[in-house]
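Below is one structure, written out as structure tokens; the observations come after it.
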């Protein structure tokens, strides 16, 4: 799985021009059909329909699904929706109230928060390194009440630093930015800061 830009035309153009490379071996990716269509819940009850592009590495022959940055792997909610829930949790609100606020099932929101809490220190560390690399004079967020809050704050700070360096990042939400920066693994696996 490879997280790519949300602009389908740009991704297709880059894929056909040989600009996308295999995350495993670095060889050029070539078009290889499409993945199955998925419905994703967006902000304010919007429904997004995604049919991810598939590619095949010309070197190692492995196929990769090209998932748009607004979607995280194995999630039926858009990155912005999950991120909004995590931001509210960082303020101290419980999963039941967050679920009611977002109009989602309690179990769904509880699952996001539990997974993010388990990974929050790795996420915080990863985006702290990114913040230092991106900002000319990085301003570290103040320590918050919990590791979850610290991770949320440093993601926002790294997004701001990236937007200062590349203004086009302002068109991308902090959560789509976070998902793309770490391959969609905000909730799914341990990260390394290398």
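The values are calculated or read from the model by the stated rules, or taken from the named source; none is laboratory data. Model, not experiment: these values are computed from the prediction. All Cβ positions, even for glycine, are placed from backbone atoms using ideal geometry, and neighbour counts span all protein chains on display.
Things worth noting here:
- Evaluation of residue 12 against (1) over 23 Å from residue 188 (Cβ atoms); (2) free of Cβ contacts under 8 Å to residues at least 12 places away in the same chain (one fails), failing number: (2)
- Subset of the range 105-136 that is more than 15 Å from residue 187 (Cβ to Cβ) and crowded, with 19+ Cβ neighbours inside 10 Å - its residue that is farthest from the chain's Cα centre (by Cα): 134
- Scanning the range 72-101 for residues that are under 19 Å from residue 118 (Cα atoms) and part of a loop (DSSP other than H, G, I, E, B) yields 72, 73, 74, 75, 91, 92, 93, 94.
- Residue within the range 1-14 that is in contact with a strand residue (DSSP E or B) (Cβ under 7 Å, 6 or more places away or on another chain), at pLDDT 95 or above, closer than 17 Å to residue 59 by Cβ and not in a loop (DSSP other than H, G, I, E, B) present: no
- Whichever residue in the range 18-45 is under 16 Å from residue 68 (Cβ atoms) and surrounded by fewer than 11 Cβ atoms within 10 Å (Cβ to Cβ) and, among such residues, is nearest to the chain's Cα centre (by Cα): 39
- Test: residue in the range 43-63 that is under 19 Å from residue 175 (Cβ atoms), part of a loop (DSSP other than H, G, I, E, B) and in contact (Cβ under 8 Å) with a residue 40 or more places away in the chain: no
- Checked against (1) surrounded by 16 or more Cβ atoms within 10 Å (Cβ to Cβ); (2) in contact with a helix residue (DSSP H, G or I) (Cβ under 7 Å, 6 or more places away or on another chain), residue 15 meets all criteria but (2).
- Summed over the range 160-183, the residues that are under 8 Å from the mean Cα position of the chain (by Cα) and under 12 Å from residue 5 (Cα atoms) give a count of 6.
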